[in-house]
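Encoded as structure tokens, the structure appears first; notes follow it.
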Amino acid sequence: LPPGWEMYIDNASSCPYFVDHNSKTTTWDDPRMSMVKPTKTQEQVPMETEPELPKQPPKPKSAEERANETIDAVTEEVRDLEAKVNAFAGKSKDKEYKFLEEMLTRELIKLDGVEAEGHDDIRMRRKQTVRYIQQTIDMLELKASSNEQTSQ
């Protein structure tokens, strides 16, 4: 390390951080690396009395959190599509019909990636969302079929 620098290990993340006693700053970036090639991302934080740790990257989300976020996002998207299905006045050969059917199918596929991993609440939410999408597709098919019969 350059003169006036020390390296410590962060207890929470087990990652090394560096203290520059010359400028009274801390950084996650190894100062030896900046001697080779300076980086734009090197962030230095002024030191007060004790060296302050640089901000930690956000904690990775748990599988349960990711599953719930996916289900929430799919549900929201299907609500928007359901409004378009309710306003649909075309036939099954129309571009709008094909678009709505494709988008609803894509939302079903997104749910295929949701793993319950033993969480009954996630399994139930996923199942309810699949049913919701299927009902919306059924409504689209009924409207298209009804519109085709009316025009004959």
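The values are calculated or read from the model by the stated rules, or taken from the named source; none is laboratory data. Fair warning: this is a prediction, and the values are worked out from it, not measured in the lab. When the accessible area is computed, the model is the full protein with side chains, heavy atoms only, and any ligands, DNA or RNA have been set aside. Shrake-Rupley method; radii C 1.70, N 1.55, O 1.52, S 1.80 Å.
Some points to look at:
- With all protein chains in place and ligands, DNA and RNA left out, the 1.4 Å accessible area ranks 132, 8 as 8, 132, largest first.
- Each Cα pair under 8 Å and six or more residues apart adds its separation to the average, and for segment 53-118 the resulting relative contact order is 44 percent.
- Close Lys pairs in segment 63-150, defined as Cα atoms under 18 Å apart and 8 or more places apart or on different chains, number 9.
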